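I have placed the structure first, in the form of structure tokens, so that the comments after it can refer back to it.
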Amino acid sequence: MITKRQQDILRLIIQSYTENEIPVGSKKLMESGIEASSATIRNEMKALEEFGLLTKTHSSSGRVPSIEGYRYYINHLLEPMTSSKGDVEQIRRGLNREFHEINDVIQYAATVLSKLTNYTALSVGPNLTDRMLTGFRIVPLNNRQIVAIIVTDKGNVESQVYTIPATFQSTDVEKIVQIINDRMVNESLWTVYQRLRTEIPMTMSRYFQTTDGILDFFEHVLGKAFEERVYVGGRMNLLDYETTLDSRAIKSMYSFMKNSEQLTKLFSSREGDIQIRVGDEIGVKMLHNMSLIQANYSIKDHGLGTIALIGPTSMPYSKMYGLLDTFSKELSQKLNGYYQELE
């Protein structure tokens, strides 16, 4: 347990360092309101260093927070800032545009949040498994390629380009469309997903001499509807804070930030308040010098969505916490309004 004065010193060092990234010395702390001599403050900083909450970057008396220091600050000392009127207006302007489907709103939210913070932003919409499949269409592109279009009852539209196997006939495609529309429309996506693995393979065997390639088609086209899509804004803003990466590491980072399946694993529980993870807590080695702030938002009768920021461990946590809280509320309001219009 650290003392009240040590807490004040740690808080002021983190607030100062996250603002200008300059190591903080005893003089700066005295100017910031710590009522103690310079020698006493240095002794307190040395104690905090021994606790593992501060570290030195060089031989000067200035200190910077350690990962453990940030964690202590987040757990015990963080006081969220109220978002400024300017930030709120910028959020509302960014979300105040015409959207043609729900995924457009989710995707653009990541762009708005990234531009507002200069960090990498992630956004995920509400779970789709309780949606109803209301339409399935196939549009030919050429002799061998089609576009499969899936529509749900809540405005989600998924389209996939698929190359038809050489064994397919044009009548095969027509049969597939008929089977889906006859047997799966107006079923929940979760039911569709289950039937693809149980009933549908047996059904196919009655319509086709061989099901080679046909079940792969179903998996490719309909399976995509069950993937949780993570939208990214400011994808490579991370490189602004990782200046020591070599070309291989940059390629790995770029590949990681384009992989929705891997990005989905970044999110922790979808319940509760805003969550902050620092360094190795994120669970991804290449992000060990980063922090992730995640906020969940609720859409009435449609479940939870998530937005998140990835930035340096030296991000201004109080400001980002307040900003993400405001953004999640504004996004929730926008999406609730969108669904009300659909209904």
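Please determine whether any residue of the range 20-29 is outside any helix (DSSP H, G or I), on the phi > 0 side of the Ramachandran plot and in contact (Cβ under 8 Å) with a residue 40 or more places away in the chain. Scanning the range 20-29 turns up at least one residue that is outside any helix (DSSP H, G or I), on the phi > 0 side of the Ramachandran plot and in contact (Cβ under 8 Å) with a residue 40 or more places away in the chain.
Taking the condition closer than 30 Å to Gly279 by Cβ and basic (Lys, Arg), does Arg71 pass?
Taking the combined requirement at face value, the residue satisfies it.
Candidates in the range 95-126 are the residues that are touching a Ser or Thr at 6+ places or on another chain (Cβ under 8 Å) and either acidic (Asp, Glu) or surrounded by fewer than 22 Cβ atoms within 10 Å (Cβ to Cβ) (or both); of these, the one that is nearest to Gly337 (Cα to Cα) is Gln107. Of all residues in the range 290-326, those satisfying the criterion of being within 23 Å of Tyr70 (Cα to Cα) and aromatic (Phe, Trp, Tyr) are Tyr317, Tyr321.
Please work out which residue is surrounded by the most Cβ atoms within 10 Å (Cβ to Cβ), limiting yourself to the range 202-216 and to residues that are farther than 29 Å from Phe256 by Cβ, of a type outside the set (S, T, N, Q) and modelled with pLDDT of 70 or more. Once the filter is applied, the top-ranked residue is Met204.
Taking the range 31-50 as the range and being open to solvent by less than 60 Å² (accessible area, probe 1.4 Å) and touching a strand residue (DSSP E or B) at 6+ places or on another chain (Cβ under 7 Å) as the test, the residues that pass are Met45, Leu48. Among the residues making up the range 268-287, those that are modelled with pLDDT under 85 and either hydroxyl-bearing (Ser, Thr, Tyr) or closer than 13 Å to Ile310 by Cα (or both) are Ser268, Ser269. Listed by first and then second residue, the pairs linking a residue in the range 280-305 that is among the β-branched types (Val, Ile, Thr) to a residue that is open to solvent by 70 Å² or more (accessible area, probe 1.4 Å) and at pLDDT below 90, with Cβ atoms under 9 Å apart and 6 or more places separating them unless they lie on different chains, are Ile282/His288; Val284/Gln262; Val284/Lys265.
The values are calculated or read from the model by the stated rules, or taken from the named source; none is laboratory data. This one's a predicted model, so the numbers in the text were calculated from it and none came from an experiment. Cβ: placed from backbone, ideal geometry, glycine included. Neighbour counts: every protein chain shown. Protein only, heavy atoms only, side chains kept; ligands, DNA and RNA dropped before computing areas. Shrake-Rupley method; radii C 1.70, N 1.55, O 1.52, S 1.80 Å.
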